[in-house]
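Below: the structure, in structure tokens.
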Amino acid sequence: MIRVITYGTFDLFHEGHYRLLKRAKELGDYLIVGITTESYDKTRGKLGVMDSLITRIENVKKSGFADEIIIEESKGQKFSDIKKYNIDIFAIGSDWLGEFDYLKDYCQVVYLERTKDISSTMLREQKQHIQRIGIIGTGRIANRFVPEAKLVSGISTQGVYNPHKESALRFAKKWDINAYTEKNRFYDEIDVAYIASPHETHYEYIKEALLHGKHVICEKPLVLHRKQAEEVYAEAKQRGLILFEAIKTAYCPGFQKLLGIACSGSIGSIRNVEACFTKLEKTSSRELVDQIYGGSFLELGSYVMLPIMKIFGNEYEKLEFDTIQGDNGLDLFTRVSMRYPMGIATATCGLGVKSEGRLLISGTQGYIVAEAPWWKTSYFEVHYEDAGKVDKYSETFLGDGLRYELSDFLTMINDREESGFKLTRGESIAIAGVMERFLTENRRNM
Ligand code: CTP
């Protein structure tokens, strides 16, 4: 009996898939089809898959060609499957030509000609209304955003708004998009606003975009006052619009995996969380010059507060700041100490003092540690009392990682989901509350 195996996502099952499975089956007597999980697709950069795993399995079953269906969860799996299932032929579409030649030592590798003019990507684009995104702001993060947005299907970058004409034109020319200096035209020609302007302008821009009926994805910190956060989320809800705070760490697959392990009980009950992120900036940089809205905590606080809020929640009992200030009074280094009913937490960040950036989660049975840059989580370890036992986990983090938050934002728009679980509205509001307390206590004497 000749045993054949093939793999794919099989999203929005189409004629190309049908023809591939038919020919794969004809190569032998028994066909095994490996179908990718959502998380594996995310880690390999395939964002925006529309059908659930169950639907994709059902569709492959319905084709009638698969004798067995298995799930593909990770990159190295094909190699072990070939041994495990005693495979004679590995078949795949010709778009992968040459990619799987390394399997030739173990079985025959056949590349089947791909069916022309059809793909899941094409169907996804036809099905989805393409969201035209308009960027507000032309700084560093906006420059990272444009290439990342190109990788997510279902959106197109329409243009950029900046009240300073020169900046808008320069940015638009660099990325080959439209420049807007006139707001009404800008809002008329977009579906979604991406706010990447200075922190203190977020609140007004969010309100304005919502009033124009646009979904909003806003850079962190969303706003700097708790009441403002509550107000803008309520406004979005009332208008049936999505408002999304872009803390990229919350959406990256590695951080999701880390939280999953932390909450699974494998290190017992969690009692302590320590998160540190430092990034040295020049003393002349905006972050260290802007007397009101500069400083370490406003810049990096959202990242270090995130794991604490995710693990212990929004209801802390005590919160205290300690800062090291520069000559102009801005915080070069800040430590937040928190107490919760179940444990304690420390969030540390710095722009003018360097420290070891790490995330440490301690429990009654062990601890999880992720080294810098844990905010782009790609690797972490779980340690126990027995020092010889260490569980190691890795996960892909692609590019600048903004593609993950964007893909989740789009899913929320398409599914009309108000509050995502990766960063809930409550968590986002609580972080705004901590920002407000910091401003009140720290800028008092300035
Ligand atoms: N396939 C094919 N002809 C097509 C599309 C896909 O033969 N027109 C094959 C692929 O080469 C692969 C299998 O079908 O062997 C599953 O492919 P998959 O990646 O799920 O489908 P695509 O349509 O290529 O998906 P996407 O656009 O998301 O890459």
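Surrounded by fewer than 16 Cβ atoms within 10 Å (Cβ to Cβ), touching a residue at least 12 places away in the same chain (Cβ under 8 Å) and of a type in the set (Lys, Arg): does that describe LYS392? The answer is yes for LYS392. Of GLU315, GLU299, all but one fail to be surrounded by 16 or more Cβ atoms within 10 Å (Cβ to Cβ) and closer than 27 Å to HIS202 by Cα; the exception is GLU299. Screening SER39 against (1) within 13 Å of the ligand (Cβ to nearest atom); (2) in contact (Cβ under 8 Å) with a residue 60 or more places away in the chain; (3) not in a loop (DSSP other than H, G, I, E, B) leaves a single unmet condition, (1). Is at least one residue of the range 44-61 on the phi > 0 side of the Ramachandran plot, of a type outside the set (D, E, K, R) and within 9 Å of the ligand (Cβ to nearest atom)? For the range 44-61, residues on the phi > 0 side of the Ramachandran plot, of a type outside the set (D, E, K, R) and within 9 Å of the ligand (Cβ to nearest atom): present.
Suppose we filter PHE380, PHE397 for residues that are over 30 Å from LYS318 (Cβ atoms) and touching a residue at least 60 places away in the same chain (Cβ under 8 Å); which single one remains? Write out each step before concluding.
On the way: PHE380 fails: over 30 Å from LYS318 (Cβ atoms).
Unique residue meeting the criteria: PHE397.
For the range 374-420, the set of residues classified as within 23 Å of GLY76 (Cβ to Cβ), out of contact with any Phe, Trp or Tyr (no Cβ under 9 Å at 6 or more places or on another chain) and of a type in the set (S, T, N, Q) consists of THR396 only.
Return the residues of the range 336-368 that are closer than 23 Å to THR43 by Cβ and surrounded by fewer than 18 Cβ atoms within 10 Å (Cβ to Cβ); say none if nothing qualifies. Once the filter is applied, which keeps residues that are closer than 23 Å to THR43 by Cβ and surrounded by fewer than 18 Cβ atoms within 10 Å (Cβ to Cβ), the range 336-368 yields only ARG358.
Identify the residue in the range 106-155 that is in contact (Cβ under 8 Å) with a residue 24 or more places away in the chain and among the charged types (D, E, K, R) and, among all such residues, is farthest from the ligand (Cβ to nearest atom). Filtering first and then ranking leaves ARG144. Of all the listed residues (GLU200, GLU235), the sole one being assigned to a helix (DSSP H, G or I) and either under 23 Å from ALA149 (Cα atoms) or out of contact with any Phe, Trp or Tyr (no Cβ under 6 Å at 6 or more places or on another chain) (or both) is GLU235. For the range 178-200, the tally of residues that are without any contact (Cβ under 8 Å) to a residue 40 or more places away in the chain and not basic (Lys, Arg) stands at 6. Of all residues in the range 88-138, those being touching a Gly at 6+ places or on another chain (Cβ under 8 Å), more than 27 Å from LYS75 (Cα to Cα), aliphatic (A, V, I, L, M) and not in a loop (DSSP other than H, G, I, E, B) number 1.
Go through the range 139-196 and tell me which strands (runs of 3 or more DSSP E), entirely inside it, have 3 or more residues that are surrounded by 15 or more Cβ atoms within 10 Å (Cβ to Cβ) and touching an Asp or Glu at 6+ places or on another chain (Cβ under 9 Å).
Numbers: elements: 155-161, 178-180, 192-195.
Filter on the range 139-196 gives 155-161, 192-195.
Across the range 270-292, not a single residue is classified as crowded, with 24+ Cβ neighbours inside 10 Å, in contact (Cβ under 8 Å) with a residue 12 or more places away in the chain, touching a strand residue (DSSP E or B) at 6+ places or on another chain (Cβ under 6 Å) and part of a loop (DSSP other than H, G, I, E, B). Within the range 75-95, is there a residue that is within 13 Å of the ligand (Cβ to nearest atom), closer than 30 Å to ALA149 by Cα and either surrounded by fewer than 17 Cβ atoms within 10 Å (Cβ to Cβ) or without any contact (Cβ under 8 Å) to a residue 12 or more places away in the chain (or both)? The answer is yes, given that some residue of the range 75-95 is within 13 Å of the ligand (Cβ to nearest atom), closer than 30 Å to ALA149 by Cα and either surrounded by fewer than 17 Cβ atoms within 10 Å (Cβ to Cβ) or without any contact (Cβ under 8 Å) to a residue 12 or more places away in the chain (or both).
Quick one: would you say LYS22 is more than 9 Å from the ligand (Cβ to nearest atom), modelled with pLDDT of 95 or more and more than 20 Å from LEU103 (Cα to Cα)?
On the way: more than 9 Å from the ligand (Cβ to nearest atom): yes; modelled with pLDDT of 95 or more: yes; more than 20 Å from LEU103 (Cα to Cα): yes.
Against the criterion (more than 9 Å from the ligand (Cβ to nearest atom), modelled with pLDDT of 95 or more and more than 20 Å from LEU103 (Cα to Cα)), LYS22 qualifies.
Which residues, counting only those in the range 270-313, are under 25 Å from ILE361 (Cα atoms) and at pLDDT below 95? Within the range 270-313, no residue meets the criteria.
Which count do you get for residues in the range 9-36 that are under 16 Å from VAL109 (Cβ atoms), in contact (Cβ under 8 Å) with a residue 60 or more places away in the chain and not in a loop (DSSP other than H, G, I, E, B)?
Number satisfying all stated conditions: 3.
The values are calculated or read from the model by the stated rules, or taken from the named source; none is laboratory data. Bear in mind that the values here come from a model prediction, so they are computed numbers and not experimental data. In this analysis, Cβ positions are derived from the backbone assuming ideal geometry, glycine residues included, and neighbour counts consider all displayed protein chains.
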